[in-house]
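This report concerns only the one structure given below.
What follows is calculated from the coordinates using simple rules that are stated; it is not laboratory data. All values derive from a computational prediction rather than experimental measurement.
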Amino acid sequence: MTSPTGRNKAMAQYLIKLQLNPAEANLATVSRKLNIGENEIDRDYGVVHLNPPDGNLYAIRVDEAVGMKLQGREGVKGLYSDPKIEGYGPTST
């Protein structure tokens, strides 16, 4: 199943921690720097600053296949599973 942003919602999701200069913290630059398509990054999540005000760590969300491809690349500081959080058991009305 593909979302309006072009991502496969059935695949596992990963958060990628990146070290970037603040001027690089946008989808176009991040995708170019990592050599992936902009459509491979969750546009709804975007590029999130993790440690303001003076840190240079950011996160993006990608599908599992992209996450595995990025592991160990320059500037990638971590790969973290981002499972969908859902309720447990039946819901009451």
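Some values worked out for this structure:
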{"quantity": "Debye log10 I(q)/I(0) for the range 16-81, one point scatterer per Cα, at q = 0.18, 0.19, 0.24 Å⁻¹", "calculated": "-0.57, -0.63, -1.05"}
{"quantity": "Within a Gaussian network of the chain (alpha carbon springs, distance under 10 Å), most fluctuating of 70, 34, 20", "calculated": "34"}
{"quantity": "For the chain, calculated [θ]222 nm from helices alone, where every DSSP H run of n ≥ 4 adds -39500 (n - 2.57)", "calculated": "-4000 deg cm²/dmol"}
{"quantity": "Mean separation of Cα contacts under 8 Å, 6 or more apart, over the residue count of the chain: relative contact order %", "calculated": "39 percent"}
{"quantity": "Whole-Hz couplings from phi, Karplus 6.51/-1.76/1.60, listed for the range 86-91; x for Gly and Pro", "calculated": "10, x, 10, x, x, 8"}
